[in-house]
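Any read-out appearing in this document is the output of simple, stated calculations on the displayed coordinates, not a laboratory observation. Quick caveat, the model's predicted, so the values are computed rather than measured. For neighbour counting, all protein chains shown are included, and Cβ atoms are generated from backbone atoms with ideal geometry for every residue, glycine included.
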Amino acid sequence: MKELKMKKTVLNLSGVAIAATFTFGMQAMSATTNEAVLYKDPNCGCCENYTNYMRTSGFTVEVNNTSDVAQISLDAGIPENMQGCHLVVIGNYVISGHVPLEIVNKMLEEKPDVIGLTLPGMPMGAPGMGGPKEAPFEIYAIRDGQEPAVYAVD
Ligand SMILES: [Cu+2]
């Protein structure tokens, strides 16, 4: 919304300024895919770490503290036994848990027909979790009306 307003203002200016509008517009477009909304419990430390990890990696993250993460995740389409500790919404996709951002970015580029991705639970060594990695991470794709299927192993 803020970007739209900015664009409008610049459009009212001279031709030189309109050339600058184009650049503004492009920036707004690339920024849109990096805009994330994250739902987490207020007391979740590893969710906080994941938020910082996203921000450091170039995402804009709006944080919503809530004690209903499990229900919100379920409503978003992530089955109860497949959920991570927090839920991220990016555009039309949802990401549950500590999914490495390389995998998230891969999905955002490939634009598969999925509801989103999940890394169930809180595996050691995952981004935001810390500790030694004990096993490869299996990241699942959630599709409407289908069993979750492995999307990537990291
Ligand atoms: Cu966690």
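Kindly check whether there is at least one residue in region 105-116 that is closer than 22 Å to residue 41 by Cβ and within 16 Å of the ligand (Cβ to nearest atom).
no
Can you find even one residue in region 52-64 that is touching a Ser or Thr at 6+ places or on another chain (Cβ under 7 Å) and within 15 Å of residue 140 (Cα to Cα)?
Looking for residues that are touching a Ser or Thr at 6+ places or on another chain (Cβ under 7 Å) and within 15 Å of residue 140 (Cα to Cα), one finds none in region 52-64, hence no.
If you scan region 38-60, which residues turn out to be of a type outside the set (Ser, Thr, Tyr), under 12 Å from the mean Cα position of the chain (by Cα) and buried (at least 18 other Cβ atoms within 10 Å of the Cβ)?
Correct list: 38, 54, 59.
Can you tell me which residue is nearest to residue 104 (Cα to Cα) among those in region 44-58 that are assigned to a helix (DSSP H, G or I) and touching a helix residue (DSSP H, G or I) at 6+ places or on another chain (Cβ under 8 Å)?
Residue satisfying both the conditions and the ranking: 54.
For region 69-80, enumerate the residues that are away from the ligand (no atom under 16 Å from the Cβ), in contact (Cβ under 8 Å) with a residue 12 or more places away in the chain and over 14 Å from the mean Cα position of the chain (by Cα).
Matches in region 69-80: 77, 79.
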